[in-house]
Amino acid sequence: MTSRRPDSFDGLGYRGRDDPAYSGGYSGRSFNNSSSVDLQNWVTTPPDIPGSRNLHFGERTPQFEAAPAAPGAEDALPTAPPSEQLNRFAGFGIGLASLFTENVLAHPCIVFRRQCQVNYHARCYHLSPLTAVSVMYNVTKSQGPKALWKGMGSTFVVQGVTLGTEGIISECTPLPRELSHKWNPKQVIGHLVLKGLTCVVAMPFYSASLIETVQSEIIRDNPSILDCVKEGVGRVMGMGVPHSKRLLPLWGLMLPTVLHGVLHYVVSSTVQRLVLFLLRRKSPAKQPVDGSETVQTMLDAYFPELMASFVASLCADVLLYPLETVMHRLHIQGTRTIIDNTDLGFEVLPINTQYEGIRDCVNVIRREEGALGFYKGFGSIVVQYSLHAAVLQITKVIYSTLLQNA
């Protein structure tokens, strides 16, 4: 078979590029002459292969050089906002820190507050945060760190049931889940009815969660998160753990539960909008000029809502504290619950009340424990919101430092 390779072929020294006998009348293609200017528009640069075209490993073929920028062009280009990603991350971190403080870090204060509210034996009312912290320390010392963190999983279950129920009812009924800026009395009434129905559906699960939070750690059997759901369904169906005859029916708990839930929402929403309006009116939005004003602008964007939510929750909890005490005592009655002794923190006590309803509970507390009996454990709420305020202030300082150093 005759070879088709030209006689003058010698590898890279192929003479056909320059020899007219082998070029066929076509001009050789070279990137060093002026004709390459027209070919650069459509000729593709071959891939860089280490070892070819006298390249070392890691080097690349020089591409077309860009034209030098005109003087002062960099100054005319708009610059991106500084630390935009850091601002978003810091805002998310601040909200997460506030959420963590409300639901996790403050849980020991919530547990001790509920134990004080249902303890009609207590001689020490713990109106001061100092006495509350002292007994909380004794309980932790005698029963371990888990003594004040019990029932935290069930509180998340109740929140999940509440949010799910509210969403389902709002989708299946014309009741509005949120109020627009142009609201009318009919929308407000429908919105409050939605909140009341949500409280009714979540009521048995709230009762089961309350029992888990106030039950002494000494007699607990390490319940799981689903026990709250099981106990709530059993309370509705009349099954589950046997209770005493003093257990109030769910329809008897409906009035204080719905009243507390709706009033808490009304007070917190009103105070939150009022505080947010005052904060934004006091410090209106400004266009940032330098780095310090940028930091202040971002702080004004994140912290007013957090502060408004903080003040709203504080006002609602303080104003409705007596009603919450009555509601918790009615929920815990007849459940054969044994709680810690809140006077010392080293013993346990049974709950054996015989209230006939909300009116009888109010009269008995006023007659036997006095007006301050409605505020038992109030010192723990001071500790809770002092801790929350400290976390907000610390995150604010960290946030300002990160933005200034960015």
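The values are calculated or read from the model by the stated rules, or taken from the named source; none is laboratory data. Being a predicted model, the structure only gives us computed values, none of them experimental. Heads up, the Cβs are rebuilt from the backbone with ideal geometry, glycines too, and the neighbour counts pull from every protein chain shown. Note: accessible area is taken over every heavy atom of the protein model, side chains too, but ligands, DNA and RNA are not part of it. Shrake-Rupley method; radii C 1.70, N 1.55, O 1.52, S 1.80 Å.
The C-beta contact set for the stretch 170-191 (first residue open to solvent by less than 50 Å² (accessible area, probe 1.4 Å), second residue assigned to a loop (DSSP other than H, G, I, E, B), distance under 6 angstrom, 6+ apart or interchain) comprises Ser170/Arg177; Gly190/Leu175; Gly190/Pro176; His191/Pro176; His191/Leu179. Among residues of the stretch 209-231 being open to solvent by less than 10 Å² (accessible area, probe 1.4 Å) and in a helix (DSSP H, G or I), the one that is farthest from Val118 (Cα to Cα) is Cys228.
Within the stretch 310-367, the set of residues being in contact with a strand residue (DSSP E or B) (Cβ under 9 Å, 6 or more places away or on another chain) and of a type in the set (Val, Ile, Thr) comprises Ile332, Thr337, Ile338, Ile339, Thr342, Val348, Ile351.
From the list Gly164, Gly234, Gly238, Gly153, the one residue that fits, being open to solvent by 30 Å² or more (accessible area, probe 1.4 Å) and either touching a Leu at 6+ places or on another chain (Cβ under 9 Å) or at pLDDT below 90 (or both), is Gly238. Evaluation of Leu402 against the conditions (1) over 30 Å from Gly252 (Cβ atoms); (2) without any contact (Cβ under 8 Å) to a residue 60 or more places away in the chain; (3) of a type in the set (A, V, I, L, M, F, W, C) shows that the sole unmet condition is (2). For the stretch 334-341, the criterion of a residue being farther than 30 Å from Ser269 by Cβ and touching a Lys or Arg at 6+ places or on another chain (Cβ under 7 Å) is satisfied by at least one position. From the list Asp340, Asp360, the one residue that fits, being surrounded by fewer than 21 Cβ atoms within 10 Å (Cβ to Cβ) and not hydrophobic (A, V, I, L, M, F, W, C), is Asp360. Within 22 Å of Ser309 (Cβ to Cβ) and either aromatic (Phe, Trp, Tyr) or at pLDDT 95 or above (or both), is that true of Phe112? For Phe112, the condition - within 22 Å of Ser309 (Cβ to Cβ) and either aromatic (Phe, Trp, Tyr) or at pLDDT 95 or above (or both) - is not met. Go through the residues of the stretch 182-197 one by one and say whether even a single one is closer than 30 Å to Val139 by Cα, assigned to a helix (DSSP H, G or I) and not hydrophobic (A, V, I, L, M, F, W, C). Checking the stretch 182-197: not a single residue is closer than 30 Å to Val139 by Cα, assigned to a helix (DSSP H, G or I) and not hydrophobic (A, V, I, L, M, F, W, C).
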